[in-house]
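The values are calculated or read from the model by the stated rules, or taken from the named source; none is laboratory data. Everything numeric here is computed off the predicted structure, so don't read it as measured data. Don't worry about glycine lacking a Cβ; one is built from the backbone with ideal geometry, like all the others, and counts go over all protein chains shown. For accessibility, only protein heavy atoms count, side chains too; no ligands or nucleic acids. Shrake-Rupley method; radii C 1.70, N 1.55, O 1.52, S 1.80 Å.
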Amino acid sequence: MRLSELRKELQQEKNTTQAKILQRFFKTRKGEYGEGDIFYGIKVPVTRMIAKKYNDLSFTDLKILLSSKVHEERLAAGSIMVEKFSKADEEQKEKIFNFYLKNRKRINNWDLVDLTAPKIVGNYLLERDKNILFELAKSKNIWDRRISIISTLTFIKKNRFDETLKIAQLLLNDKHDLIHKAVGWMLREIGKVNQEVETEFLMKYYKQMSRTMLRYAIEKFPEKKRKQFLEGCI
């Protein structure tokens, strides 16, 4: 019953014009990374506001939402999981983490990963074995690889950079633009906390990186230093 109510509320917020824009933005055409994804055209804050009313949904209901072709329904599921995790005890956190990993094939666009990975995977693994992240980094699935690097945002905020740097090294030669952006973003986040650590990594590897990855990584550097990296004369 609660699941039906959530879906009804989302349907009431449909915006056809915005949906067309989002379907182009999230690359939903044949052969693109979001192929087949359907959008209602709801702004993210609205989806999350609606989802917040349904934090009591069961794992069964969440699995149904995650199986939906409608992007906003999967986003709502991710938002609910994040909220549940933030209030859960250790036993429940483990259940949410395991549920997340088991159903991660439906966390299948960059916004869904970015919303959930740091707050669920990163938080759960903060004081635990992190081998799963390295397994995900080697996956053929782009969203697994993005989860692996974006999850480390939680560690960066705790002044811990080892996992981010090791995974970034694994993904240096990744073929996908969304991974280039993700790695560059996480390197930039390291730089916000400790620019010396980021610079040391870049000095070793910047010539191997895609231009996109490098541009994202050095975005906050002084203009002169940015130019030196981009021109390869540092």
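Things to note:
- Unique residue being polar (S, T, N, Q), surrounded by 14 or more Cβ atoms within 10 Å (Cβ to Cβ) and under 25 Å from residue 175 (Cβ atoms) when the list is 103, 109: 109
- Any helices (runs of 4 or more DSSP H) falling wholly within segment 63-167 and containing at least 3 residues that are closer than 30 Å to residue 41 by Cα: 71-87, 90-102, 110-116, 142-150
- Close pairs from segment 218-232: first within 19 Å of residue 192 (Cβ to Cβ), partner assigned to a helix (DSSP H, G or I), Cβ under 7 Å, at least 6 apart: 218/226; 218/229; 219/188; 220/188; 220/191; 220/192; 229/202; 229/214
- When we screen 178, 187, 172, 202 for residues that are closer than 23 Å to residue 232 by Cβ, open to solvent by less than 40 Å² (accessible area, probe 1.4 Å), within 17 Å of the chain's Cα centre (by Cα) and in contact (Cβ under 8 Å) with a residue 24 or more places away in the chain, the only hit is 187.
- Residues that are under 21 Å from residue 17 (Cβ atoms) and either surrounded by fewer than 23 Cβ atoms within 10 Å (Cβ to Cβ) or touching a strand residue (DSSP E or B) at 6+ places or on another chain (Cβ under 7 Å) (or both) within segment 49-72 comprise 49, 50, 69, 70, 71, listed in sequence order.
- Yes/no for residue 127 being without any contact (Cβ under 8 Å) to a residue 12 or more places away in the chain, within 26 Å of residue 196 (Cβ to Cβ) and among the acidic types (Asp, Glu): yes
- Any hit, segment 112-119, residues being closer than 20 Å to residue 187 by Cβ and among the hydrophobic types (A, V, I, L, M, F, W, C): yes
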